[in-house]
Amino acid sequence: METPHTLEPHPSPKHKMAFLFDWLVTLKCNYDCSYCGPGVNGYRPGHDNSLPHPEQETCEKMLEQGFRYVDMYMDIKKPNMRSLNLNIYGGEALFRKDIEYLLERSSKLYESYKGNWHLNRMLTTNASSSLDKWKNISEHLEYVNFSYHSQGPAKLQDNFMRNIEWSHENKKNYGAIVLMYPGEWEKCMYVFQLMQRKGYNVRPRIIDGPAGKYTKDQLRQIFDAMHEKDYSLLDGIEGKQIDSKMRACCGGRPLCINRNLKEPKKAIPRDSWMGWKCSANQFFLFADCHAKKFFTNKDCNVRHDGTWGPLADIDTMDDYIEQTRRRLKKTPNCFLTCVQKTCRCGTCAPKSLTDQGLADVMKSYNITA
Ligand code: SF4
Ligand code: SF4
């Protein structure tokens, strides 16, 4: 494979790059998956039941600030790109008793932006609630990301299967992933194939972190399930922590290397884009309501000035939004320079070795590029 210098998602309508705003509303969870400890990025826990839920007012304020930030970026996008996916997640977001109230607030806050961009509320969940609660929650959502975890209690896994069946039969918009935990391989494969047979919209998901070490046979099965045909990518990664050798988009998007849009790939042999120009700032925002801080996304902590850390906190975000507004007016093509050793969640954000290379890709997304 030629040396990558540019990476972008395949520009198909099905995989359109909307802006993703991750809204972390709790760290509590009713599961205790062994691979969840270090969380998606290794430095923020995936769940922590010792912490209380963040206060309702904190969640509301950060949602309001996030909408204002997103609205500013929508102004530089082409009209058909003005779409926000609000990902509501935890821990397990359904654990909050006031989750329906928070969802209703999101409808209310969105009213003033309705004419400028489209809102798609997505819940990422282990869907282990009762069916009655599930039906109620579903009323407030445009999309559900079902996550199947093999280590959850059996009764709650039964709830998951019943809830996804209900959503499928009632023609709700959803996608499902099965976390392919190597320690319970057969169970994960069985559930994945069962969901496929039932006609669900399901795909396998490789586990990040130290638990994500697979045999060659397991990797081939994952590639087959992802319809990735380039088995040469698997050379030399058997038994190694997979996210240090190869990346796939966690949203399942096919990716294109060096502007070759005819040969999209599901996996790419790289985990770091240190020094590259990256457009993650134009596609992501993460509000951590526990820490009361905003980051580029739940994995990427890269900032505009080439340093690493939060963008702002709940008290400084209003100023940060105004600063960014001024920067965008002066230089709409403002990108990040990657200073992070490993890239996980932002893999799909267009990126290139050079500013010009990235500006060329961004012509498909922005009116100002
Ligand atoms: S269900 Fe998700 S948040 Fe909960 S323990 Fe498992 S991986 Fe962590
Ligand atoms: S870590 Fe952040 S800046 Fe670096 S490539 Fe990934 S998304 Fe882009």
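Data for the structure
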read-out	value
Residue count, the range 281-301 (criterion: small (Gly, Ala, Ser) and either surrounded by fewer than 23 Cβ atoms within 10 Å (Cβ to Cβ) or assigned to a loop (DSSP other than H, G, I, E, B) (or both))	1
Hits in the range 302-316 - residues which are touching a strand residue (DSSP E or B) at 6+ places or on another chain (Cβ under 6 Å), at pLDDT 95 or above and part of a loop (DSSP other than H, G, I, E, B)	310, 311
Selection count, the range 328-339, where residues are at pLDDT below 95 and out of contact with any Leu (no Cβ under 9 Å at 6 or more places or on another chain)	5
When residues of the range 262-280 are limited to those that are at pLDDT 90 or above and loosely packed, with under 15 Cβ neighbours inside 10 Å, the one nearest to ligand 1 (Cβ to nearest atom)	274
The one condition in (1) within 16 Å of ligand 2 (Cβ to nearest atom); (2) farther than 30 Å from residue 352 by Cβ that residue 104 fails to fulfil	(1)
Selected residue (only one of 292, 240, 298 is of a type in the set (Lys, Arg), touching a strand residue (DSSP E or B) at 6+ places or on another chain (Cβ under 9 Å), more than 20 Å from residue 361 (Cα to Cα) and within 15 Å of ligand 2 (Cβ to nearest atom))	298
Close pairs (8 angstrom Cβ cut-off, 6 or more residues apart or separate chains): under 19 Å from residue 75 (Cα atoms) in the range 311-327, among the basic types (Lys, Arg) anywhere	321/68
Qualifying residue in the range 109-119 (condition: within 22 Å of residue 194 (Cβ to Cβ), buried (at least 19 other Cβ atoms within 10 Å of the Cβ) and among the aromatic types (Phe, Trp, Tyr))	no
Residue tally, condition of a type in the set (Ser, Thr, Tyr) and out of contact with any Cys (no Cβ under 9 Å at 6 or more places or on another chain), over the range 132-170	4
Residue list for the range 61-108, restricted to those being of a type in the set (A, V, I, L, M) and surrounded by fewer than 17 Cβ atoms within 10 Å (Cβ to Cβ)	72
Filter result (of a type in the set (Asp, Glu) and either within 16 Å of ligand 2 (Cβ to nearest atom) or at pLDDT 95 or above (or both)) within the range 13-36	22
Test for residue 167: is it of a type in the set (Gly, Ala, Ser) and under 29 Å from residue 133 (Cβ atoms)	yes
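One line per residue, one yes/no per condition, for (1) surrounded by fewer than 18 Cβ atoms within 10 Å (Cβ to Cβ); (2) not small (Gly, Ala, Ser):
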site: 190; (1), (2): yes, yes
site: 198; (1), (2): yes, yes
site: 204; (1), (2): no, yes
site: 207; (1), (2): no, yes
site: 215; (1), (2): yes, yes
site: 219; (1), (2): no, yes
site: 223; (1), (2): no, yes
site: 232; (1), (2): yes, no
site: 240; (1), (2): yes, yes
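The values are calculated or read from the model by the stated rules, or taken from the named source; none is laboratory data. Predicted model, so just to flag it, every value in this text is computed and none were measured. So basically every Cβ, Gly included, is an ideal-geometry build from the backbone, and we count neighbours across all protein chains shown.
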